[in-house]
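Structure first, then comments.
Each value in this text was obtained by applying a stated rule to the coordinates, not by laboratory testing. All values reported here derive from a predicted model rather than from experimental measurement. Reconstructed Cβ throughout: ideal geometry from the backbone, glycine too, with neighbour counts over all protein chains shown.
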Amino acid sequence: MALLQTVDLKRYFGETRAVDNVNLSIEEGEFVSLVGPNGAGKTSLINVISARLTPESGKIIIKGEDITRLSVTQRVRAGIARSFQLVNVFDDLTTFDNVALAIFSREGKTAHLGTLAHLDHAVANEADAVLKQFGLAAKRGDNARDLSQGERKLLDVALAYALKPKLLFLDEPTSGVSTRDKGQIMDTIASVVRGEGITAVIVEHDMDVVFKYSDRIVVMAQGAILAQGTPDEIRKNEQVAMVLLGSSGPDAFTRKD
Ligand SMILES: Nc1ncnc2c1ncn2[C@@H]1O[C@H](COP(=O)(O)OP(=O)(O)O)[C@@H](O)[C@H]1O
Ligand SMILES: [Mg+2]
């Protein structure tokens, strides 16, 4: 049984078909990349699945259970977590407190700006373990605003990860960082996700990165799934190359700009 299944999922904005009859199936343990030109509907699809947007019609099913009507919190309980295209960290809190707060929220507890975390050993230990996994241990006492862009992106992913999801959506976790940082961020994410057996769906524009890390690639255009397949299958798909790069030909994916 698929971990996630969307059935004829639809969300329009006026005339814009942001999510247009999407039937997406994700198997447990897969590392899936969601690609497509700007405006293809990738973020909207994640928003609908994670309950930030209401679908007009269609269903979202986790392990056979219809979760279409559940709230954000209930969907987190059902195992869905996501990071944001623009980071969603608390700038005025330390790196450690950001993670501790995420763990508290998962447990349904509240904390006064993280101060409680210092008193709760289980939470503190887990927060430190998460920081270590994401290579942020040395930054635990730094305010999030003082982190580099790459570290902030990793922290945002760490916050979603700290919710202990079965299914983790990462919306452009490497956007706005240098090519060198991009590789490091992806290596970190891949090692955590693979190491913990988390199913991940990642939005990424750099096709070198997509081909390197994905088990499967789903290509969206104009709100719909245009193609899906293994990196080899997608690499050979000229229609996909045209949509993604506006050019045809077999070497479209290796062209550098
Ligand atoms: N809140 C919104 N209101 C109106 N239109 C929106 C809104 N969010 C997204 N859209 C439109 O929906 C389409 C898909 O957007 P989006 O999901 O952000 O695409 P992507 O993440 O693939 O770049 C675009 O045409 C975008 O302009
Ligand atoms: Mg987007």
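About the Cα centre of the chain, what is the dipole size in debye to 20, counting +1 per Lys and Arg Cβ and -1 per Asp and Glu Cβ, all else neutral? Provide the component values of the computation, followed by the final result.
On the way: 30 positive and 34 negative charges, 63 e Å.
That gives a dipole near 300 debye.
Summing -39500 (n - 2.57) over the DSSP H runs of n ≥ 4 in the chain and dividing by its residue number, what mean residue ellipticity at 222 nm do you reach, to the nearest 500 deg cm²/dmol?
Values: 9 runs with 90 residues, N = 257.
Calculated mean residue ellipticity at 222 nm is -10500 deg cm²/dmol.
In debye, nearest 20: dipole of segment 131-257 around its Cα centre with unit charges on the Cβ of K, R (+) and D, E (-)? The partial results should precede the final answer.
Values: 17 positive and 18 negative charges, 78 e Å.
Dipole size: approximately 380 debye.
Going highest first, how would you order 167-175, 146-154, 222-230 by mean Cβ packing within 10 Å?
Values: 167-175: 23.3, 146-154: 19.8, 222-230: 17.2.
Going by the mean number of other Cβ atoms within 10 Å, highest first, we get 167-175, 146-154, 222-230.
Give me 140, 180 sorted ascending by neighbouring Cβ count inside 10 Å, so fewest comes first. Could you put the intermediate results ahead of the total?
Values: 140 17, 180 9.
In order of increasing Cβ crowding within 10 Å: 180, 140.
Nearest 5 percent is fine: what portion of the DSSP beta bridges confined to the chain is antiparallel? Each step should come with its number before you reach the end.
Numbers: 20 of 36 bridges.
Among the beta bridges of the chain, antiparallel pairing accounts for roughly 55 percent.
Order these by the 10 Å Cβ neighbour count, fewest first: 186, 220.
Values: 186 20, 220 26.
Fewest-to-most ranking of 186, 220: 186, 220.
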